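This report concerns only the one structure given below.
Readers should treat all values here as calculations from the given coordinates under stated rules, not as data from a laboratory. For clarity, every value in this text was computed on a predicted model and none was experimentally measured. Counting neighbours? That spans all protein chains shown, and the Cβs are built from the backbone with ideal geometry, glycine included.
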């Protein structure tokens, strides 16, 4: 028998989903059409779970849903703080210390992002991905995940395959940026959470100790990255960061191939 409170939460969640316009999502969606609402299948695809698993959530079934899944639901539906808190507590999780859907890119920045023909995305101070263009989602699928975080991914086993010569060419620079940001924004609880997660990854604790000098003389240097849809061999790319004047809350990042003849299909 379903718990009445969870069943009621499921009804509210269904209403929130039906009110979410797919056109308002901050990145490409894995479906086509002109609907003005998200289906349960849409949610499942965006979350990376089965439709049956997501449907159980809306039915009010208690299946011990992972925190990452609930984070993704709150993010996809852009739930305001009170709704997000109800969702977290109703599924047995503590609400995040930061408001769900905090700082967001404005329409002008999103328009520029989606015009790009290079891998491009927008993230916040904690490197949570807020929006990604279609090219980025195609060549770096992890960017389109509901819980995508640049630093969490960059130190994962998956990243060490796509970021070639990872320890020598990528890890030091990325770790330097992460730890400087950690010092710069000590009140950012989400950033602290990301740092703690990264430091638990294999080999990172030792790397952290070896790279205390975060000065980087060639931080804009081209580095090898593998894109199987572009070329059979790694492509050297430069990572450029842009932002709104005087605004440190958002980063707009673009990957540009060193070779101007390389194009992202």
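Values computed for the structure shown
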| quantity | calculated |
| --- | --- |
| Angle in degrees between helix 4-18 and the longest Cα principal axis of the chain, rounded to the nearest 10 | 60 degrees |
| Choice from 198, 230, 73 showing the highest fluctuation, given a GNM over the chain with Cα pairs closer than 10 Å | 230 |
| Helix 81-90 vs. the chain, principal-axis angle (Cα, 0 to 90°, nearest 10) | 70 degrees |
| Separation in nanometres of the label points that stand 7 Å from Cα toward Cβ, at residue 185 and residue 67 | 1.9 nm |
| Orientation-averaged projected area, Cα convex hull of the stretch 4-90 (nm²) | 5.2 nm² |
| Stretch gain in nm, segment residue 226-residue 53, where the contour uses 0.36 nm per residue and the Cα spacing is subtracted | 59.0 nm |
| Using alpha-carbon coordinates, inclination of helix 172-184 to the longest axis of the chain, degrees | 60 degrees |
| Value at 222 nm in deg cm²/dmol, rounded to 500, when DSSP H runs of n ≥ 4 in the chain each add -39,500 (n - 2.57) | -11500 deg cm²/dmol |
| Kirkwood hydrodynamic radius of the stretch 151-250, from inverse mean 1/r over distinct Cα pairs, in Å | 14.8 Å |
| Mean Cβ neighbour count within 10 Å, used as a protection proxy, ranking 178-187, 147-156 highest first | 147-156, 178-187 |
| Two-site label geometry, residue 169 and residue 256: point separation in nm, points 7 Å out along Cα→Cβ | 1.8 nm |
| Largest-first ellipsoid semi-axes for the chain, taking √(5λ) over the Cα gyration tensor eigenvalues, angstrom | 33, 22, 17 |
| Most fluctuating residue given options 229, 77, 110, as computed from a GNM of the chain linking Cα atoms under 10 Å | 229 |
